[in-house]
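The values are calculated or read from the model by the stated rules, or taken from the named source; none is laboratory data. Just so it is clear, the structure is predicted and the values come from calculations on it, not from any experiment. No Cβ is skipped: glycine too gets one built from the backbone with ideal geometry, and neighbour counts run over all protein chains shown.
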Amino acid sequence: MSRLVKEFAKGLWDELPPFRVLLGLCPVLAVTSSAENGLGMGMAVIFVLTMSNLIISSIRKIIPTKVRIACFIVITASLVVTVELLMQAYAYPLYQKLGIFVPLIVVNCLILGRAEAFASKNGVILSIADALGMGIGFAVSLTFLGAIREIIGAGTVFGVPVMWESFKPAEFMIMAPGAFVGLGVILAGMNAFNRYQSRKKGETVPDVMNSGCAHCGACGGIQDLKDK
């Protein structure tokens, strides 16, 4: 049970996908112009990630090693088509807003990374816990960034006005540059918080946590060896 909780919880902070391991940044930057868009994309990723981990973990022993990546992509693509059809049927306005980034979930490095690094090596229950933790962390991250950009750029959250009447929105925040600014501020804040916590506990100040593949493990540590 302790490992189950650990695998679930790691995606909520220690390995928070977009802000700690910098995975899946394409939708993070592209669709977070509003909290609604961020939440919608996050929910889609939770479904695809959880179901792909479940299926891959269930059949991992019969997938030939040489074609495992191709099999992972086929499984993910089938799930993404399911998500597309469901969104078209029940949330078509949101589907139109997210546009091409819904089918691009197929090649999201978070999905394939968890399939290769975890689901293909662990049992079903642990793989589901890993997927749910990573997926929820991803969804919360997108919603949080989208809410910040929407508040500053439009004065609303989920379309509801939250600022005073004389507030003048900084419209660049809901444009492409605002995504980079918002992401940079969040990364800087998280790094500062980590260093503060380390100093408070008398520990050695850690290196920058969001260093790309520092926590991913999808390459099995090969990249770390190359860097050394």
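Counting only helices (runs of 4 or more DSSP H) that fall entirely inside the range 74-158 and contain at least 1 residues that are within 21 Å of residue 16 (Cβ to Cβ) and among the hydroxyl-bearing types (Ser, Thr, Tyr), the qualifying elements are 124-154. Residues in the range 189-228 that are of a type in the set (A, V, I, L, M), loosely packed, with under 12 Cβ neighbours inside 10 Å and in a helix (DSSP H, G or I) were compared, and the one that is modelled with the highest pLDDT is 192. Within this structure, residue 77 fails the test of being modelled with pLDDT of 95 or more and either aromatic (Phe, Trp, Tyr) or within 12 Å of the chain's Cα centre (by Cα) (or both). For the range 80-115, a residue qualifies if it is over 13 Å from residue 47 (Cα atoms), in contact with a Phe, Trp or Tyr (Cβ under 7 Å, 6 or more places away or on another chain) and surrounded by fewer than 21 Cβ atoms within 10 Å (Cβ to Cβ), and the qualifying residues are 88, 112. Counting only residues that are over 18 Å from residue 69 (Cβ atoms) and among the small types (Gly, Ala, Ser), the range 95-129 holds 3 of them. Taking helices (runs of 4 or more DSSP H) as the structural unit, those lying wholly within the range 1-69 and holding at least 1 residues that are over 21 Å from residue 180 (Cα atoms) and aromatic (Phe, Trp, Tyr) correspond to 2-9, 35-59. The single condition among (1) at positive phi; (2) in contact with a Ser or Thr (Cβ under 6 Å, 6 or more places away or on another chain); (3) not charged (D, E, K, R) that residue 24 does not satisfy is (2). All of 151, 128 fail the test of being without any contact (Cβ under 8 Å) to a residue 40 or more places away in the chain and either touching a helix residue (DSSP H, G or I) at 6+ places or on another chain (Cβ under 6 Å) or surrounded by 17 or more Cβ atoms within 10 Å (Cβ to Cβ) (or both), apart from 151.
Within the bounds of the range 155-175, is there any residue that is under 15 Å from residue 46 (Cβ atoms) and among the small types (Gly, Ala, Ser)?
Within the range 155-175, none of the residues are under 15 Å from residue 46 (Cβ atoms) and among the small types (Gly, Ala, Ser).
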